[in-house]
1. Go through region 114-136 and give me each residue that's surrounded by 18 or more Cβ atoms within 10 Å (Cβ to Cβ) and under 18 Å from L9 (Cβ atoms).
2. Which residue, of R226, R200, is charged (D, E, K, R) and touching a Gly at 6+ places or on another chain (Cβ under 8 Å)?
3. Right, A120: touching a helix residue (DSSP H, G or I) at 6+ places or on another chain (Cβ under 8 Å) and modelled with pLDDT of 90 or more or not?
4. When the residues of region 157-183 are narrowed to those that are assigned to a helix (DSSP H, G or I) and surrounded by 19 or more Cβ atoms within 10 Å (Cβ to Cβ), which ends up farthest from the chain's Cα centre (by Cα)?
5. Which one of these is loosely packed, with under 13 Cβ neighbours inside 10 Å and out of contact with any Gly (no Cβ under 9 Å at 6 or more places or on another chain): A111, A91, A97, A62?
6. Inspect region 102-123 for any residue being in a loop (DSSP other than H, G, I, E, B) and polar (S, T, N, Q) and give the result as yes or no.
7. If T18 satisfies every condition in (1) free of Cβ contacts under 8 Å to residues at least 12 places away in the same chain; (2) surrounded by 11 or more Cβ atoms within 10 Å (Cβ to Cβ); (3) of a type in the set (S, T, Y); (4) not in a helix (DSSP H, G or I) but one, which is the exception?
8. Failed condition for D69, given (1) in contact with a helix residue (DSSP H, G or I) (Cβ under 7 Å, 6 or more places away or on another chain); (2) closer than 23 Å to K149 by Cβ; (3) charged (D, E, K, R), with all others met?
Amino acid sequence: MTPEEITALFTAASTLFTPITGNPSDDDLTDMREILMPLLLGIPYDETGPHPRHNLIGLIEATATYTNDWGAAFPIPARPASYDPAIAADATPVVRARMEAAHTLRLQDYASHEAAERGAAKFIRDAVDELWYKDLKHHRSFYNSVTAKQLIDHLDANCGGLHPVDLISLPTEMMGFYATAEGIPEYIDKLEDAQRKLARANLPMLDVQLLAIASTAVLAAQHFPRATDEWEAMAPALKTWATWKTTYRAAHIARKRQLLASGSAEPLNRAHAVTADNFPADTYDKLDGYLDNLANAAAHEKSTLAQLVETNATLTQHTTATSTAHTHTDTTTNKFTRGK
């Protein structure tokens, strides 16, 4: 990919991206990353090694995250000489050809890095009002020496980010995701987006908690009686979030085919779905405690996170028990549904 093609790639993305109005929120910055990262991943880079050791997402990704994914911190390349000085004057034609080819790749990588850096930085500047990064402006070089990572790190640090108080209602909202989703794939995506958002605020929600919410939702909705019977019959050790996703994605596809064959196309959100009325009052007593801990976390930050995790685990155990109880009471309804 030539530098001109890389520049055009970012220009086109910038044209399609709606500029952020006012103070960029965590959601705004996340959306911006989700545009930039696929672009950066798609640019060939570090072709001189035996395998792709690095990737240009290092231009914007947090150093710790990048190091965990790629095995080392992203190295900023130095400008290579126009000709490889390591090639000996008396090198054989074969050796010379090989070394020149390797040096050509280094030149291409450097050009790709420079074009991607300029493109990503300009994308961020165009997407956000200058007010929010003007502190980085130099009186002579303006923003020419400000990297994309410096820009996005500055925005993360100075635009508020996510605070626990912003997420007080999110766990409650997650219990209603099923009722608004068009299907299982969208439902899974919404739950995992919320999980990532909680993690960005240092309020982690475990996969087992997603599992409890999702299992309760499908039990109440009664959309997948056969898959639910099979799920409930599984050994507890096999009931993981990954297995739940595989099981109910397959059930979603089977149900979709049945609906198409019958001439209907009923999405999840138009049938009997889980709502606030489907949850026992005691479940909400536990949830109230969870939300209280979130509010406390907003005031006390990290000092209360240990208590939050403990309360989360209690809620998960209670919801799982509630799901098991529902399974026994819904058996007759499930058999009736299959009979129809």
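1. A115, A116, E117, G119, A120, A121, F123, I124, A127
2. The unique qualifying residue is R200.
3. Taking the combined requirement at face value, the residue satisfies it.
4. A179
5. Criteria check complete, one pass: A97.
6. Looking for residues that are in a loop (DSSP other than H, G, I, E, B) and polar (S, T, N, Q), one finds none in region 102-123, hence no.
7. Of the numbered conditions (1) free of Cβ contacts under 8 Å to residues at least 12 places away in the same chain; (2) surrounded by 11 or more Cβ atoms within 10 Å (Cβ to Cβ); (3) of a type in the set (S, T, Y); (4) not in a helix (DSSP H, G or I), the odd one out for T18 is (2).
8. Just one mismatch for D69, condition (1).
The values are calculated or read from the model by the stated rules, or taken from the named source; none is laboratory data. As the structure is a prediction and not an experimental result, all values here were calculated from the model. With ideal geometry, Cβ positions are generated from the backbone for all residues, glycine too; neighbour counts draw on all protein chains shown.
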